[in-house]
């Protein structure tokens, strides 16, 4: 198994632009999580899905953030419009009940 | 917040020595996990300990859990330079599958 795959690895965008981050979880894992990591705030849980259904999105910082999981093998996290304070590393993780498997992350820089 | 706090924030030891990291959390849990993060990479699951367990071993890792004190420790024995990384504890909510991560301990093992 190739593990959790995230794309792109790096994204640099201008303030106000739309950004879409992508994640392919491990096949058979029925939970998918989006986390954001910054030096100031550490790892923050943004949203998680169970069987493609959003269960808890209370960590999504603002309406500018949205996440979808149209099928068991794909999820997106969209920021529209992006702001400099959104700069962070965004991780996707999946699990089927015990330990999480994390992707390598997307480093987002908003200038 | 369910977030755990690791102590110390940073630890530097010589190769061959043991490293101990501590995690404290605020409310009751079902499970506690420890993860490692190498610089610029995603988190890697190390070990999960359930609330009814007091100690667990995996190779050179030993994890203890004291639910009365709401604390856990991770011991790495006979450390190696390759153990240099940040280590995080993660705790769950009693009713959910989401885990909340602490602030991490940065471990440096000097060859």
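The values are calculated or read from the model by the stated rules, or taken from the named source; none is laboratory data. Please read all numbers here as calculations on a predicted model, not as lab measurements. FYI the Cβ positions are ideal-geometry reconstructions off the backbone, even for glycines, and counts take in every protein chain you see.
Residue A:90 meets each of the listed conditions (1) under 24 Å from residue B:4 (Cα atoms); (2) at pLDDT 95 or above; (3) within 10 Å of chain B (Cβ to nearest Cβ) apart from (3). Screening residue A:57 against (1) within 10 Å of chain B (Cβ to nearest Cβ); (2) modelled with pLDDT under 95; (3) more than 15 Å from residue A:108 (Cα to Cα); (4) touching a strand residue (DSSP E or B) at 6+ places or on another chain (Cβ under 6 Å) leaves a single unmet condition, (1).
What residue, among those in the range B:37-50 that are under 15 Å from residue B:72 (Cα atoms) and surrounded by 15 or more Cβ atoms within 10 Å (Cβ to Cβ), is farthest from the other protein chains (Cβ to nearest Cβ)? Spell out how you get there, then give the answer.
Taking the range B:37-50 first, the residues under 15 Å from residue B:72 (Cα atoms) are B:46-50.
Filter once more, keeping what is surrounded by 15 or more Cβ atoms within 10 Å (Cβ to Cβ): B:46-49.
On the way: B:46: 8, B:47: 8, B:48: 6, B:49: 11 Å.
Going through the qualifying residues, I end up with B:49.
The single condition among (1) more than 19 Å from residue B:36 (Cα to Cα); (2) within 11 Å of chain B (Cβ to nearest Cβ); (3) more than 11 Å from the chain's Cα centre (by Cα) that residue A:70 does not meet is (2).
Tell me yes or no: at least one residue of the range A:97-108 is surrounded by fewer than 13 Cβ atoms within 10 Å (Cβ to Cβ), more than 28 Å from residue A:16 (Cβ to Cβ) and at the interface with chain B (Cβ under 8 Å from one of its Cβ atoms).
Of all residues in the range A:97-108, those surrounded by fewer than 13 Cβ atoms within 10 Å (Cβ to Cβ) come to A:97-98.
Now narrow it down to the ones that are more than 28 Å from residue A:16 (Cβ to Cβ): A:97-98.
Now drop any that are not at the interface with chain B (Cβ under 8 Å from one of its Cβ atoms), which leaves A:97-98.
Yes: one or more hits.
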